[in-house]
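Here's the structure we're looking at; comments come further down.
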Amino acid sequence: MNIVLSGTLQKFAQYQREHSIDAWTIQEGLDHLVKAHPALGNALFDGAGELRRAHLVFLNGDQVTSDRFSERVGERDEIEILTAIAGG
Amino acid sequence: MMNGAMTARDSTTTVEPLDDSRERIARWVTDVAGALLERMSETTLARDRDGTPIDRGDLREAARCGLLGASLPVEVGGRGMSTRRWGRVLEHVGGACEDGSFALLVSLFPAVARMIHASGRADLVDRYVRGCITGEALVSFAYTEDSDPFSLASTLESAGDDVIVTASKTMVTGGAIADAYMTYVVDQTNGDLAVVIIDRGVPGVEVVPIDTMGLRGAGLASVHFRGVRIPRSQVMLEHGGLDHVQMFLNPRRAILCCAPVGRMERIIEDCVRRLSRTVRYGQPLTAMQVVQARLGKMKLALNVARTLLDRALLELDEGSAHPLFDEYVSTAKFQITEAAIALSLDAMYLLGSHGYTRAVPVERYLRDFCGLLAGAGAQDVIQTNLGMMAIGGAKKGR
Ligand SMILES: Cc1cc2nc3c(=O)[nH]c(=O)nc-3n(C[C@H](O)[C@H](O)[C@H](O)COP(=O)(O)OP(=O)(O)OC[C@H]3O[C@@H](n4cnc5c(N)ncnc54)[C@H](O)[C@@H]3O)c2cc1C
């Protein structure tokens, strides 16, 4: 799968936008991504290991919630993580 | 001048508005808080000139009138108004009260109290939510630091049954007025963002007023926590602060815009009144088509702002808005901010040299409206987020 990071998150992945990952589920893909870029861990996941809700995940353009993270995805699928954060 | 403290009716004896129509709600607000709003209007100039924060006594009076508790749940002593109804109350407050700072504070403290209520922590609810309703314990929101959200320098360290907080929050609305702060600090044990309530009176809390362009009665201040030691029970949320802050800000974007929309309407009315009395070439200025067209443009801006706001408030009530960053709510905040600033400039075009004087308050409204450019999410950041969402969604079906 291809994981695409929005602007804010790229900072934690050496400013790399697209990441080609060998994984079968979104969860697995995210775990692999964090393994390759450990600084992403704290930005992506909260203390309980859940994806922070401030990140919106799209699978081929459809927004998906964490209950679908264990569904099987294909090699050519694209996961985009958009971080919709705005300050106080 | 009437004395609000003497004449405002006790809100508990006043009948709740029966429907959400603007007329009904306007009548209710006038009934419970008309005298207070009048008094606040009359004292605006001095606060604006000197940068003096709104007096705590006036906020206690706002509480007594039922304004601070209007949107808070009935079970803790509030009136349980829907977001839509509360928004319309604020719209009327914004129109009736010339001080934009007043409506800002009246909208802010209950918004923070709602988050405290949502924590389900009985001890904190008793103290700070009931305290908001009575006006005795007002909590400000202290999040912004001189950094991005992933690089906050603030820290929370464990010290037995206590925690020690060190943080510098650069801009806090009501910072110079509040009794406590809901603040966001990085827990050094897990690296996550915790949410803590810190009382202002605790040693190590330093409040530094900021000399701002507008909203000069809003007590804007930077707040510093210098190794502040507080009981662990003041930690409201141990982790997940980043989501928490977005959950606070998302509805806040819509609520923040309500009073400015009320003020926009008043600016149009004031312009019409003044221009219809100003005679040039033997006719009132309102008879000139170019003046009519500009007034029409202002009315368009108001109507669009109201339409956006109504839908955003409805979506928040229905629970259909995304809880952290709703596209539509953010669109409303973005557009209303731009519209309010443009509308006050339009008024300046229409008012000639008068518009440039301090005798006509349009320049103050313009300064106040500019606070919306950065408040509750900078315009450019909202625009960027919407752009990213468009890019994400556009891949659909490819
Ligand atoms: C009237 C007023 C009241 C406020 N009240 C509070 C309050 O009660 N509590 C509180 O915590 N804060 C408050 N703030 C602070 C406000 O939330 C921040 O000013 C705002 O979030 C922007 O942060 P910053 O000032 O650090 O700007 P910076 O982060 O320095 O950004 C400056 C500019 O750079 C651009 N920019 C920055 N990051 C991005 C990005 N990711 N994408 C695109 N563009 C970007 C934007 O144009 C932005 O305006 C208030 C501000 C104002 C003006």
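Of the numbered conditions (1) within 16 Å of the ligand (Cβ to nearest atom); (2) buried (at least 17 other Cβ atoms within 10 Å of the Cβ); (3) assigned to a loop (DSSP other than H, G, I, E, B), A:Arg53 satisfies every one except a single condition; which is it?
(1)
Check B:Gly87, B:Gly120 and return the single one that is more than 15 Å from the ligand (Cβ to nearest atom) and over 14 Å from the mean Cα position of the chain (by Cα).
Selected residue: B:Gly120, the only one of B:Gly87, B:Gly120 that is more than 15 Å from the ligand (Cβ to nearest atom) and over 14 Å from the mean Cα position of the chain (by Cα).
Can you pull out the residues in region B:209-242 that are at pLDDT 95 or above and away from the ligand (no atom under 14 Å from the Cβ)? Step through it out loud before you land on a result.
To start, the set of residues in region B:209-242 that are at pLDDT 95 or above comprises B:209-237.
Scanning region B:209-242 gives B:Arg226, B:Gly227, B:Val228, B:Arg229, B:Ile230, B:Pro231, B:Arg232, B:Ser233, B:Gln234, B:Val235, B:Met236, B:Leu237.
Output the number of the condition that A:Glu78 fails; it satisfies all remaining conditions of (1) free of Cβ contacts under 8 Å to residues at least 60 places away in the same chain; (2) within 14 Å of another protein chain (Cβ to nearest Cβ); (3) under 24 Å from B:Ala390 (Cα atoms).
Just one mismatch for A:Glu78, condition (1).
Do you know which residues across region B:134-183 are touching a helix residue (DSSP H, G or I) at 6+ places or on another chain (Cβ under 8 Å), more than 8 Å from the ligand (Cβ to nearest atom) and under 20 Å from B:Leu242 (Cβ atoms)?
B:Val139, B:Pro149, B:Phe150, B:Val163, B:Met182
Are there any helices (runs of 4 or more DSSP H) wholly within region B:302-398 with 3 or more residues that are more than 14 Å from chain A (Cβ to nearest Cβ) and in contact (Cβ under 8 Å) with a residue 60 or more places away in the chain, and if so which?
Working: elements: B:327-351, B:362-370, B:379-394.
Qualifying helices (runs of 4 or more DSSP H): B:327-351, B:362-370.
I'm trying to understand the selection: among the residues of region B:82-134, which are on the phi < 0 side of the Ramachandran plot and outside any helix (DSSP H, G or I)? Please lay out each step first, then the result.
First pass over region B:82-134, keeping only residues on the phi < 0 side of the Ramachandran plot: B:82-119, B:121-134.
Within region B:82-134, B:Ser82, B:Cys97, B:Glu98, B:Asp99, B:Ser119, B:Arg121 meet the criteria.
Kindly provide the set of residues from region B:170-184 that are under 15 Å from B:Ile197 (Cβ atoms) and either touching a Gly at 6+ places or on another chain (Cβ under 8 Å) or without any contact (Cβ under 8 Å) to a residue 40 or more places away in the chain (or both), ordered by number.
Listed by number, the residues that qualify are B:Gly174, B:Gly175, B:Ala178, B:Asp179, B:Tyr181, B:Tyr184.
The values are calculated or read from the model by the stated rules, or taken from the named source; none is laboratory data. The structure presented is a predicted model; accordingly, all values stated were derived computationally and were not measured. Note that each Cβ is placed from the backbone with ideal geometry, even for glycine, and that neighbours are counted across all protein chains shown.
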